[in-house]
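Comments concern the structure below.
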Amino acid sequence: MSFFATYVWLTVSKNQHRKPAALHTVYALSVIGILLLIITQFTGLFYYFDDHNLYHRGNFYLLSQAIAVLGIALCLFMLISYRKNLDRIIFLSMMSFFVLPVLATIYQALAYGFSLQCLAIVISTQIMFIMDTVEMNMRFYSQQAAYEKARYESEHDGMTGLLNKEAGYKRMRKYFDRMDSHDEAMLMFVDIDDFKTINDTYGHTVGDFWIREVASQLRHIYWQDDIICRYGGDEFMALIRNTASEQVLETTLGMFFQQLARASEQHGQDVHCSVGVCRIAAIRISGNRDISRNTDGGNGEDTRGGVDFGQCVKQADLALYETKRSNKGTFTVYNYDRS
């Protein structure tokens, strides 16, 4: 009874240091019950065994039950008093500790037979253990889901669902840091042409629609392994990994321009994008053999990345500027020099 009362208090107290009078009363009842039980061994106060080793109740047997019921009632009072500090599932599991032992005590006081109190307490304890375990698992998965949601929201743009600039930059830089002479990629800027005019002509709601539409089209034409982020405003940035093929670039951007033109025609609005690309090709010579200029482990193969992420971003930006200056709605490619 004292241990359960302590468990109830630790569960409902929420780090309150001052213990209630009910808890001290339960401790006092427990001490009294233990002392009376010791006295019973010599006086037969609660029970005794006759010469045939048969159990009999003593004259004050009901006093032992009254002490137990009073202690449980005080625990129940504490539990109800601090109900607002408990989750519903924990509250219900604790209530089982009161219901079953009290019913068993009432039955045992009225019917002389099996001892049901200990069995009821064990069953109630198991119920609490199971319910506590379930509640802990639910809380764990809830916290994990909240953490994953917070992490997703911190890394993604709320309007488009793409990575935001910070998260996109971080992943792109990580890829560049791991590049060696075998690796190749294409870094591109995508910008909606005359976006201010779109907002001024059709309104910001339409402008937001085209930002989401361009993001959707970019997601559709590139692989999941590629990194696409919203750079800011009406501008997007994409890292197409493991390829520097101009044919692949022409095909994918051709699809992008066609889909955007189709959507633009459906909505009766002239919307198109300009693209600037920095192309990073693998370093190769005749026979498809890597240049041996900086070796690792003495095998004669170049293992140095030799790609400056900042410089690559700058070149893609310059390529975009060239496209917007000379021929909007198309793309321009600058080749990155890895020598």
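The values are calculated or read from the model by the stated rules, or taken from the named source; none is laboratory data. Treat the numbers as computed from the prediction; the structure is a model and nothing was measured. So basically every Cβ, Gly included, is an ideal-geometry build from the backbone, and we count neighbours across all protein chains shown. For accessibility, only protein heavy atoms count, side chains too; no ligands or nucleic acids. Shrake-Rupley method; radii C 1.70, N 1.55, O 1.52, S 1.80 Å.
Number of residues in the range 7-46 that are closer than 16 Å to residue 63 by Cβ and among the β-branched types (Val, Ile, Thr) equals 7. Restricted to the range 54-69, and to residues there that are over 14 Å from residue 106 (Cβ atoms) and aliphatic (A, V, I, L, M), the residue that is surrounded by the fewest Cβ atoms within 10 Å (Cβ to Cβ) is 54.
Quick grid of which residues meet (1) closer than 30 Å to residue 135 by Cα; (2) of a type in the set (Asp, Glu):
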residue: 50; (1), (2): no, yes
residue: 55; (1), (2): no, no
residue: 73; (1), (2): yes, no
residue: 89; (1), (2): yes, no
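For the range 261-271, does any single residue satisfy the condition of being under 22 Å from residue 240 (Cα atoms), surrounded by 17 or more Cβ atoms within 10 Å (Cβ to Cβ) and modelled with pLDDT of 75 or more? The answer is no, given that none of the residues of the range 261-271 is under 22 Å from residue 240 (Cα atoms), surrounded by 17 or more Cβ atoms within 10 Å (Cβ to Cβ) and modelled with pLDDT of 75 or more. Scanning the range 47-81 for residues that are of a type in the set (Phe, Trp, Tyr), touching a residue at least 12 places away in the same chain (Cβ under 8 Å) and farther than 16 Å from residue 25 by Cβ turns up 47, 60, 61. Could you list all residues from the range 231-257 that are in a strand (DSSP E or B), open to solvent by 20 Å² or more (accessible area, probe 1.4 Å) and within 16 Å of residue 161 (Cα to Cα)? 231, 232, 235 - these are the residues of the range 231-257 that are in a strand (DSSP E or B), open to solvent by 20 Å² or more (accessible area, probe 1.4 Å) and within 16 Å of residue 161 (Cα to Cα).
Being in contact (Cβ under 8 Å) with a residue 60 or more places away in the chain, open to solvent by 30 Å² or more (accessible area, probe 1.4 Å) and among the basic types (Lys, Arg) is the filter here, so list the residues in the range 311-339 that pass it. Answer for the range 311-339, where residues must be in contact (Cβ under 8 Å) with a residue 60 or more places away in the chain, open to solvent by 30 Å² or more (accessible area, probe 1.4 Å) and among the basic types (Lys, Arg): 324, 328.
Could you go through the range 17-37 and let me know if any residue there is of a type in the set (S, T, N, Q) and without any contact (Cβ under 8 Å) to a residue 40 or more places away in the chain. No, the conditions are met nowhere in the range 17-37.
Each row is one residue, and each column tells you yes or no for (1) of a type in the set (A, V, I, L, M); (2) under 26 Å from residue 327 (Cβ atoms).
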| residue | (1), (2) |
| --- | --- |
| 168 | no, no |
| 179 | yes, no |
| 186 | yes, yes |
| 196 | no, yes |
| 203 | no, no |
| 213 | no, yes |
| 229 | no, yes |
| 245 | no, yes |
| 260 | yes, yes |
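The residues of the range 35-53 that are under 20 Å from residue 72 (Cβ atoms) and exposed (fewer than 12 other Cβ atoms within 10 Å of the Cβ) amount to a single one, 35. Taken over the range 1-30, residues that are under 18 Å from residue 120 (Cβ atoms) and of a type in the set (Phe, Trp, Tyr) amount to 3.
Cβ-Cβ contacts under 9 Å between residues 6 or more apart (or on different chains), taken from a first residue in the range 83-95 that is more than 17 Å from residue 124 (Cα to Cα) to a second residue that is open to solvent by less than 40 Å² (accessible area, probe 1.4 Å) and of a type in the set (Gly, Ala, Ser), are listed as 85/13.
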